[in-house]
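Okay, structure first, notes after.
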Amino acid sequence: MAVSDNPEQEKQAEELSHRWLEYAVPLLSFGGALLAFIILVTSIPLDFRISILGCVLASWVLAYLAWIRPRKDIVALTTPLYSFIFIAIPTDVFSSMVLEVLYAASLTILLVRLKYRFGTTASMAYRLKELAAPLKTYVARTSGSCQGISPESGHCAAVIFVRFAEGNYGEAARESGTAAGQLEGAGTSSCLTRAFKIVREHAALLDKSLPRPQTFLTFSPEDADLLAKPVSDSVEKDPEFYSTLDNALLLLFSAAWNTSEKDRTHLLACEAFAQKLMSPA
Amino acid sequence: MKIGNVEVKVSIVAIAVFVIFTIFLIVASLSSPEVRSQLIWLVPALFMLLVIPTALNYMSRSQYANIAPVYEAEAKTVRIKLINESMIGKPVRIEGVVERVYYQWMNRPQYLIADRSGSISVKMFTSPDEDVKVNDIVEVFGQVIHRYMITGDPVINCVLIRKIKKS
């Protein structure tokens with residue numbers, strides 16, 4: 001499918017097609033049961049088993065709707081399997097009709113459950129190279145401050161963020177140390193340099209499974225506007241230590257997103273992790 | 001029951017199946033002479049209902065006991081929040097409070113472990129060494145996997161779970 005020039009328009013079109021698919025589940029399944037009823041009362045020369053196809057198709061549609069959601073519903077995903085069991089059982093037209101009505105009702109309940117318990121469909125964000133809120137808002141808020149960052153530094157930030165997300169902490173520590181050194185060597189002592197240093201410190205600790213040190217790197221108060229989360233003013237050191245890491249990683253994400261467009265695909269693959277970092281805990 | 005160094009636990013399901021089929025067999029052999037003539041293989045088959053789950057439990061627990069030291073050496077201690085889909089296949093160690101315990105009666109326990117940064121499902125495909133209950137503070141060694149093998153949110157395939165402080 002060609003991606004249109006207007007992402008918003010394409011997003012709306014996809015939402016519309018998903019809505020039609022949602023309508024298709026009860027329509028197809030109850031439609032099949034209705035067909036079985038018509039065959040039963042009118043005695044038209046049609047094999048009643050054709051009515052089962054309504055439930056089979058509805059099951060596949062429901063499974064597709066479950067598949068495209070970020071959180072998978074195993075019950076909805078396995079409904080095509082049950083629909084085949086449905087076909088395999090030989091029965092008469094009346095039993096088949098009753099079974100189809102019950103099955104259609106079950107599919108409709110599963111559809112409602114899918115919509116309300118398993119969230120909306122995965123947005124087109126990945127394909128359209130678009131972030132979801134609240135990360136999108138943060139990245140947009142900090143885009144102005146990222147203008148002075150070179151694409152090379154942006155690329156380094158992307159690599160380090162991805163390495164950290166993958167749990168390759170040794171590599172993330174080495175690369176963030178190198179990136180911080182390069183920025184300092186070029187005479188730049190920015191918030192980004194500090195973020196690299198903070199990530200290096202945390203990654204090195206994580207690589208060796210070491211606990212929080214007594215003293216650790218933090219952002220300076222004038223960097224507060226660039227941070228995603230407010231700095232904890234608690235007496236406890238742990239919240240401050242961990243929120244500093246979250247802020248540093250999110251700053252790297254924002255710098256990478258705003259300055260290194262070629263890395264956006266990799267960053268989108270780690271978006272769920274970045275969104276998790278945005279959460280208050 | 002202990003076989004060698006391995007503490008073997010038979011699930012309540014296996015015992016229930018054994019009891020039900022024993023009752024069936026007794027009733028059938030009392031009412032039918034044909035069944036009585038087949039007891040020579042029916043009784044061993046009945047005992048296999050207990051022997052097979054016991055053997056499987058022994059094998060899985062001895063395997064887990066062998067790989068646990070590897071995980072203890074290689075797993076990185078992380079906060080639950082840092083576990084994400086990009087870490088699939090990585091050995092990790094987490095510490096947290098047990099918020100829920102499911103399926104313990106099947107010898108396939110699943111725990112919901114939480115720390116201050118979030119919570120995560122921890123699945124174990126054999127019975128644990130220790131009896132872990134809700135509110136216990138535990139450390140978990142395991143590998144990050146998808147909830148449904150190829151898809152789903154990241155969960156931990158637990159190799160070792162043990163209490164680190166009494167609740």
- Query: Which condition number does B:M48 fail, the rest of (1) of a type outside the set (D, E, K, R); (2) in contact (Cβ under 8 Å) with a residue 12 or more places away in the chain; (3) in a helix (DSSP H, G or I) being met?
  - Reply: (2)
- Checking A:P211 against (1) without any contact (Cβ under 8 Å) to a residue 12 or more places away in the chain; (2) facing another protein chain (nearest Cβ under 10 Å); (3) assigned to a helix (DSSP H, G or I), which test does it fail? (3)
- Please work out which residue is farthest from A:M97 (Cα to Cα), limiting yourself to the stretch A:13-67 and to residues that are of a type in the set (S, T, Y) and in a helix (DSSP H, G or I). A:S17
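Residue-by-condition table, conditions (1) within 14 Å of chain B (Cβ to nearest Cβ); (2) closer than 17 Å to A:M278 by Cβ; (3) within 29 Å of the chain's Cα centre (by Cα):
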| residue | (1), (2), (3) |
| --- | --- |
| A:Y138 | no, yes, yes |
| A:P151 | no, no, yes |
| A:A158 | yes, no, yes |
| A:A173 | yes, no, yes |
| A:R194 | no, no, yes |
| A:A204 | yes, no, yes |
| A:F216 | no, no, no |
| A:P221 | no, no, no |
| A:E236 | yes, no, no |
- Query: Could you list, in sequence order, the residues of the stretch B:142-151 that are open to solvent by 10 Å² or more (accessible area, probe 1.4 Å) and touching a strand residue (DSSP E or B) at 6+ places or on another chain (Cβ under 6 Å)?
  - Reply: B:Q143, B:I145, B:H146, B:R147
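Is it fair to say B:D129 is among the acidic types (D, E) and within 20 Å of B:E74 (Cβ to Cβ)? Explain how you work it out, then say what you get.
Numbers: among the acidic types (D, E): yes; within 20 Å of B:E74 (Cβ to Cβ): yes.
Taking the combined requirement at face value, the residue satisfies it.
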- Here are B:L49, B:L56: which of them is farther than 30 Å from B:G142 by Cβ and either surrounded by 13 or more Cβ atoms within 10 Å (Cβ to Cβ) or outside the structural domain of B:V140 (by TED's automatic domain parsing) (or both)? B:L49
- Query: Does A:A248 fit the bill of being open to solvent by 50 Å² or more (accessible area, probe 1.4 Å) and part of a helix (DSSP H, G or I)?
  - Reply: no
- Query: If you check B:A14, B:A65, which single one turns out to be touching a residue at least 12 places away in the same chain (Cβ under 8 Å), in contact with a strand residue (DSSP E or B) (Cβ under 8 Å, 6 or more places away or on another chain), hydrophobic (A, V, I, L, M, F, W, C) and outside the structural domain of B:D131 (by TED's automatic domain parsing)?
  - Reply: B:A65
- Scanning the stretch A:68-89 residue by residue, the ones that are outside any helix (DSSP H, G or I), touching a residue at least 12 places away in the same chain (Cβ under 8 Å) and not charged (D, E, K, R) total 3
- Item | Contacts under 6 angstrom Cβ, first residue in the stretch B:79-105 being at the interface with another protein chain (Cβ under 8 Å from one of its Cβ atoms), partner buried (at least 21 other Cβ atoms within 10 Å of the Cβ) and in a helix (DSSP H, G or I), 6 or more apart | B:N84/A:A165; B:N84/A:F273; B:S86/A:A165
- Considering residues that are surrounded by fewer than 21 Cβ atoms within 10 Å (Cβ to Cβ) and at pLDDT 90 or above, the number found within the stretch A:35-62 is 3
- Item | Residue under evaluation B:V101, criteria (1) in a strand (DSSP E or B); (2) farther than 21 Å from B:I164 by Cα, criterion not met | (2)
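Taking the stretch A:241-265 on its own, how many of its residues are within 14 Å of another protein chain (Cβ to nearest Cβ) and at pLDDT below 90?
Let us first name the residues in the stretch A:241-265 that are within 14 Å of another protein chain (Cβ to nearest Cβ), namely A:241-250, A:253, A:265.
Of the ones still in play, those that are also at pLDDT below 90 are A:265.
Counting residues in the stretch A:241-265 that are within 14 Å of another protein chain (Cβ to nearest Cβ) and at pLDDT below 90 gives 1.
May I ask you to list the residues in the stretch B:109-138 that are surrounded by fewer than 18 Cβ atoms within 10 Å (Cβ to Cβ) and either part of a strand (DSSP E or B) or not charged (D, E, K, R) (or both)?
Of the residues in the stretch B:109-138, the ones surrounded by fewer than 18 Cβ atoms within 10 Å (Cβ to Cβ) are B:110, B:112, B:114-116, B:118-119, B:121, B:123, B:125, B:129-131, B:133-135, B:137.
Residues satisfying the conditions are B:Q110, B:L112, B:A114, B:D115, B:G118, B:S119, B:S121, B:K123, B:F125, B:V134, B:N135, B:I137.
Before we move on, is A:S153 open to solvent by 40 Å² or more (accessible area, probe 1.4 Å) and among the small types (G, A, S)?
Working: open to solvent by 40 Å² or more (accessible area, probe 1.4 Å): no; among the small types (G, A, S): yes.
No: the conditions fail for A:S153.
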- Query: Across the stretch B:110-142, what is the number of residues that are out of contact with any helix residue (DSSP H, G or I) (no Cβ under 8 Å at 6 or more places or on another chain) and not charged (D, E, K, R)?
  - Reply: 13
- Message: Suppose we filter A:R163, A:R200, A:R212 for residues that are open to solvent by 10 Å² or more (accessible area, probe 1.4 Å), in the same structural domain as A:E152 (by TED's automatic domain parsing) and under 25 Å from B:D153 (Cα atoms); which single one remains?
- Response: A:R163
- Within the stretch B:68-78, restricting to residues that are under 14 Å from B:R162 (Cβ atoms) and more than 13 Å from every other protein chain (Cβ to nearest Cβ), the one that is surrounded by the most Cβ atoms within 10 Å (Cβ to Cβ) is B:A68
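Going by the conditions given, is B:K81 of a type in the set (K, R) and either in a strand (DSSP E or B) or open to solvent by less than 10 Å² (accessible area, probe 1.4 Å) (or both)?
Details: of a type in the set (K, R): yes; either in a strand (DSSP E or B) or open to solvent by less than 10 Å² (accessible area, probe 1.4 Å) (or both): yes.
When the stated conditions are applied, B:K81 passes them.
The values are calculated or read from the model by the stated rules, or taken from the named source; none is laboratory data. Since the structure is predicted, the reported quantities are computational estimates derived from the model, not experimental observations. Here the Cβ is made from the backbone with ideal geometry for all residues, glycine too, and neighbour counts use every protein chain on show. To get the accessible areas, we keep the full protein, side chains included, count just its heavy atoms, and leave off ligands, DNA and RNA. Shrake-Rupley method; radii C 1.70, N 1.55, O 1.52, S 1.80 Å.
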